[in-house]
Amino acid sequence: MTYAECKSQGFDFIVGVPCSSLKQFIEDLQRDEPGRYIPVQREDTAVALAVGAFFAGKKPLVFLQNSGLGHIVNIVSSLLIPYEIPIHFLVTMREMPFEHTHMYKITKPLLSLLGIESRTFLFDASSHV
Amino acid sequence: MTRLQAVRSVLDTLTDELLIVTTGFLSRDVFHLRDRKENFYMCGSMGNAYPIGMGIALGSPERTITVLSGDGAALMSLGSLVLGNSLKLPNLWHIIIDNKKYASTGGQPTCSDGIDFTQFHNTRVIHVDHDEPASPRITLDPVEIARRFRFCIR
């Protein structure tokens, strides 16, 4: 999954919280839209920005590290699902070092519990820091 | 000033601007005082009304957006207000009704005396010293709230 592949899917409002696995992705995003990168401070804020962009007619994509999933549980459960607002996520699957290991194990079940359908994509390992 | 007087004073200034209202009593108050299709009642996801407004302001720069928050909600996502200070969107306004408590959950105190919200971009604070009882719950279906709101932006 690359930035160009995401763009080719029609996403025109890409926002999120950085992950080292997304270093190249975010550099490509910044290069593509100079001066328009949004330096978001927390994952649920990124989702809320995406919701606003959806209302404005955009097709948003939210990127985040799996360690940030806990921050979006409430906004997914109490906003996206009851209001039926469709938002796509790009979630990186950090497994190591140790602080990521448990979240790695529960990432897919957690997405499923939240009602988010997921597919796994391979990443270019050279972009991983 | 009371909470309902504060809400009325905000609604009296509105023409065709989009209004995002935070969860709890304030959404219920606005729905019962002046429902309009340009209102988005964000029931739940406390703290996220302001960044929803930022997303609309970025996606629809020709529209004017007002976000109505309480002090508890503004404090819950204080970082999003800092992002607002960074982006400085000219078409986004934030009105914070500060009663220094979580009125919807029984009036427990907040820590809003620890911050000056007017340091944030395009932000106005209305201080409230009395809360009326809750307005009735919103009777609109959430899917309909989102559908009609989105339709009136495009």
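Nothing in this text is a laboratory measurement; each read-out follows from the coordinates by a stated rule. From a predicted model like this one, the values you see are computed outputs, not experimental measurements. Cβ coordinates were reconstructed from backbone atoms using ideal geometry, including for glycine residues, and neighbour counts include every protein chain displayed.
Averaged over the residues of peptide A:36-47, the number of Cβ atoms from other protein chains lying within 10 Å of each residue's Cβ is 5.
Pull out a ≥ b ≥ c, the square roots of the eigenvalues of the alpha-carbon gyration tensor of the range B:3-153, then state rounded if a/c is under 1.5, prolate if not and a/b is larger than b/c, and oblate in the remaining case. Oblate is the answer for the range B:3-153, as a/c is 1.5 or above yet b/c matches or exceeds a/b. For the range B:3-153, what is the relative contact order in percent, using Cα pairs closer than 8 Å and at least 6 residues apart in sequence? Relative contact order comes out at 27 percent.
The reciprocal of the average 1/r between distinct C-alpha atoms defines the Kirkwood hydrodynamic radius, which for chain A equals 15.1 Å.
Summing Cβ point charges (Lys, Arg +1; Asp, Glu -1) relative to the Cα centre of the protein assembly as shown gives a dipole of roughly 340 debye. Counting only whole DSSP H helices of chain A, the ones at least 18 Å long by C-alpha along their axis and with mean Kyte-Doolittle hydropathy no lower than 1.0 are A:43-55. Largest first, the three principal axis extents of the alpha carbons in the range B:26-102 are 30, 28, 18 Å in whole numbers.
Annotation note: GluC sites (Glu not before Pro) in the range B:10-74 located in DSSP loop regions with a Cβ neighbour count of at most 11 within 10 Å are B:Glu62.
Sorting the segments B:122-129, B:50-57 by their mean number of nearby beta carbons within 10 angstrom, highest to lowest, gives B:50-57, B:122-129.
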